[in-house]
Every structure is written in C-alpha cells, then in structure tokens.
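One structure, pasted below without further comment.
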Amino acid sequence: MIPFLDLREASAELGPEMERAIERVVQSGRYILGPEVEAFEEEFAGYCGMRYCVGTGNGLDALTLLLRGFGIGVGDDVIVPSNTYIATWLAVSAVGAGVVPVEPDPVTYNLDPERVEAAIGPRTRAIVAVHLFGQRAAMETLGAIARRRGVALVADAAQAHGADLGGYSSAFSFYPSKNLGALGDGGAVVTDDGALAGRIRQLANYGAREKYLHEVRGVNSRLDPLQAAVLRVKLKHLDQWNLRRLRIAARYLDQLDGIPGLVLPGVDDGGDSVWHIFAVRHPQRDWLARRLREKGIGTMIHYPVPPHLSGAYRDAGFGRGSFPIAEEMAEEELSLPLHPHLTGKQVDEIIQSVCLAACPPAGAAA
C-alpha cells in the first residue's frame, strides 16, 4: 500500500534534530511566545523575502487577522475563489464582510483576473488570491487590477510555502500536511508593512501591545514555541523537499500525459508551483479512485463540496449551478500521492497504476 501521505516519514528523517529542538523549549521554561517564536518569525520572514512575520495559532486565524489588519469588516465585500478550501471564505465571514466568489481559470485552478475585475463593486475592499495546490496565482495581473480599482490584494498562501509571494502580504498555515508543517496547528502572516504587522500582533494578543492594556477587541492566537522550534528545523529543509516535489511532479506530467479522460494540472506561463497537491481530473473520478485503491494507491479529493454548496453558506443564496467550474472540479478532482518522501520505486508504481486504471472498460459505472 502506498498511502496518500504518511506524516511519520518526515519525522523519521528529522527525528533527532526535532527532538533536540523540542527539548530546548522544554528546558527554557518559556512556553508562550518568547525567543523560539521570535527566532522563527525572523527566519520565516527572511525566507519569504519579507520584513515581518507574525506567528498565529493556525492558518484560519492568520487570514482572519490579516483582513482585520486591513480594517475590513461589516459592510465590506471581499473577492474569494469559488474553488478553495472553505477556510478562505470563513476568514472573510469571521470579520463580518461579505464573500464575493469568482470562478477560476480552469487550467490553473486559480482566480481568473478578468472575472475578478468584472466582480469588483462599490463595496469591494479586498481580493484574496489563493495559491491553490501550491501553484502561484497571477499576482502581477491581479495586483495591477487591485491598484487600478483601489482595493487591497492579499494571498492565502496556506498551500504555497516556498513560492514567490511577489511582496504581497500573505497568510500561511502550518497544518501538519503542508509543505512546511508543524506537529499540530500553527499559522503566520508575512508582510513588508510594519504598521500592518503591529496591528496584527496586537489583535492576536488580546488586543494589547502591553500586558493588561487592551486597546482593541482582540483574540488569543499565538504560535506555540514547541511548534516554532519544530518549524525552524523543517524550514532548513524546505527548499530541498520542494525540489523533490518538483521532480516527482515533472515525472507525473511527462508519463501520465495523453491518458484518455485524465486532465493533468496546468502551470500558467510565467507561473510556478511548489506542488503541495498534484490534482488531476477525470470524468469518472470515483471509479478511478476505487481502481487505484484496489491497486494499493491512496488518493484524496480536494475538495468534494465547494464552499457555496456547503451547509455553512446555505443562507448566502448560492444554488447548484451558481459556479459551474468549481462544481465540475469538485466532481472530477483527484489528488495523487506527492510528497518529498516518496521513493522512485513508489513513483513508478503510482504511474503504472494510474496508466492501467484510468481507462475504464465500456459500460463501467462512474
């Protein structure tokens, strides 16, 4: 069996180094914020090519606090992708703003800039571009639109550790399965705007810049020092791990090309991907997933229910057919195993299994 992902493999590779980092925190006696978090924030900001980093409790908090830092709230609208993990939408809802879903480019799965510009209205305050599956969104084109129309552009980079952020303020998740994953929840905002970073840090610390002086209504969302210590270890290996992902993706793209019905992920001209997810599409997705499971290949679906059809947004007025591209993706998307600890033999087995499984016999049930 080749599982879709086994998180123990990363820990096995870096186990002794991670254990020393955890012991360092245990012995320090600093279990909330402190030097370990400060060191990670400085290192991750530098890695991202940004001046500031603020650690948070998780990725949803990071995006929510980023929007709050821009002053976005009740009465504002925020453009979001129609196809994304629901956390992108939840962050907008958490600040009291309205979600304005926009369909993606069906090749890259990222926001279509032309549709974005058409969706901007008098209440639009921001665009949240998601670097979906690790592929960088069209930030230069979106940035030009945002400047021309007077709205903010931020990135949900939860799946894009190591991608070029283009200088845009971005929210990250360190959920364990991410390219840079902790041993639990964690998140961060990176930005070049010192005032914005200060507001986010204040909001994340009960609204206080100094202890017991609560100037605004904040929350408690702080990166844990134990997670920061683990992330500092993994950050040193991130580029190497992303390169392994790139090489595996290149093999998939080369050797799975031309299989009838199988749509491979596309990379926009001038774009790049850190290949968090290798998402294919197939009109008989569930059938294909069963066939691969029978051959011992684990897969996942990202994501089976688009946000507008979820119960959480039942009252938003979106019905089936509102966003057909997102709905088609939800019905056809299948993620193949892709992580830096796959062996060459495993990649061969995955490719061979997909080649054998992807062509259903006549009359096969979807």
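The values are calculated or read from the model by the stated rules, or taken from the named source; none is laboratory data. Predicted model, so just to flag it, every value in this text is computed and none were measured. All Cβ positions, glycine included, derive from the backbone under ideal geometry; neighbour counts span all protein chains shown.
Specify which of the listed residues (LEU203, LEU256, LEU196, LEU246) is out of contact with any Cys (no Cβ under 9 Å at 6 or more places or on another chain) and under 28 Å from ILE277 (Cβ atoms). Break it down into steps so the answer makes sense when it comes.
Numbers: LEU203 fails: under 28 Å from ILE277 (Cβ atoms); LEU256 fails: out of contact with any Cys (no Cβ under 9 Å at 6 or more places or on another chain); LEU196 fails: under 28 Å from ILE277 (Cβ atoms).
Checking each option against the conditions leaves just LEU246.
Here's something else I'd like to know. Tell me the strands (runs of 3 or more DSSP E) entirely within the stretch 111-184 that contain at least 2 residues that are under 16 Å from ALA87 (Cα atoms), assigned by TED's automatic domain parsing to the domain that holds GLY15 and aliphatic (A, V, I, L, M). So that I can check it myself, show each step before the final result.
On the way: elements: 124-130, 152-156, 170-173.
In the stretch 111-184, the matching strands (runs of 3 or more DSSP E) lie at 124-130, 152-156.
For the stretch 245-287, how many residues are assigned to a loop (DSSP other than H, G, I, E, B), under 20 Å from VAL130 (Cβ atoms) and touching a His at 6+ places or on another chain (Cβ under 7 Å)?
Within the stretch 245-287, residues that are assigned to a loop (DSSP other than H, G, I, E, B), under 20 Å from VAL130 (Cβ atoms) and touching a His at 6+ places or on another chain (Cβ under 7 Å) number 2.
Within the stretch 193-223, which residues are of a type in the set (A, V, I, L, M) and under 23 Å from the mean Cα position of the chain (by Cα)? Walk me through it before giving the result.
Initial filter on the stretch 193-223 (of a type in the set (A, V, I, L, M)): 195-197, 200, 203-204, 208, 213, 216, 219, 223.
LEU196, ALA197, ILE200, LEU203, ALA204, VAL219, LEU223, listed by residue number.
Filter the stretch 105-134 down to the residues that are touching a Ser or Thr at 6+ places or on another chain (Cβ under 7 Å) and touching a residue at least 40 places away in the same chain (Cβ under 8 Å) and list them by number.
Looking only at the stretch 105-134, we keep the residues that are touching a Ser or Thr at 6+ places or on another chain (Cβ under 7 Å), and these are 113, 128, 130, 132, 134.
Of everything in the stretch 105-134, those that are touching a Ser or Thr at 6+ places or on another chain (Cβ under 7 Å) and touching a residue at least 40 places away in the same chain (Cβ under 8 Å) turn out to be VAL128, VAL130, LEU132, GLY134.
While we're on this one: Might you check whether a residue that is assigned by TED's automatic domain parsing to the domain that holds LEU262, β-branched (Val, Ile, Thr), touching a helix residue (DSSP H, G or I) at 6+ places or on another chain (Cβ under 8 Å) and assigned to a loop (DSSP other than H, G, I, E, B) occurs anywhere in the stretch 345-362?
No, that holds for no residue.
Every residue in the stretch 186-206 that is among the charged types (D, E, K, R) and surrounded by fewer than 19 Cβ atoms within 10 Å (Cβ to Cβ), please. Show your work before the answer.
Going through the stretch 186-206, the residues among the charged types (D, E, K, R) turn out to be 192-193, 199, 201.
Answer for the stretch 186-206, where residues must be among the charged types (D, E, K, R) and surrounded by fewer than 19 Cβ atoms within 10 Å (Cβ to Cβ): ASP192, ASP193.
Here is a further query. For ASP77, only one of the following conditions fails: (1) touching a residue at least 60 places away in the same chain (Cβ under 8 Å); (2) buried (at least 18 other Cβ atoms within 10 Å of the Cβ). What is its number?
(1)
To keep it simple, each residue is scored yes or no on (1) of a type outside the set (A, V, I, L, M, F, W, C); (2) assigned by TED's automatic domain parsing to the domain that holds ALA228.
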residue	(1), (2)
MET1	no, no
LEU14	no, yes
ARG24	yes, yes
ARG30	yes, yes
ALA45	no, yes
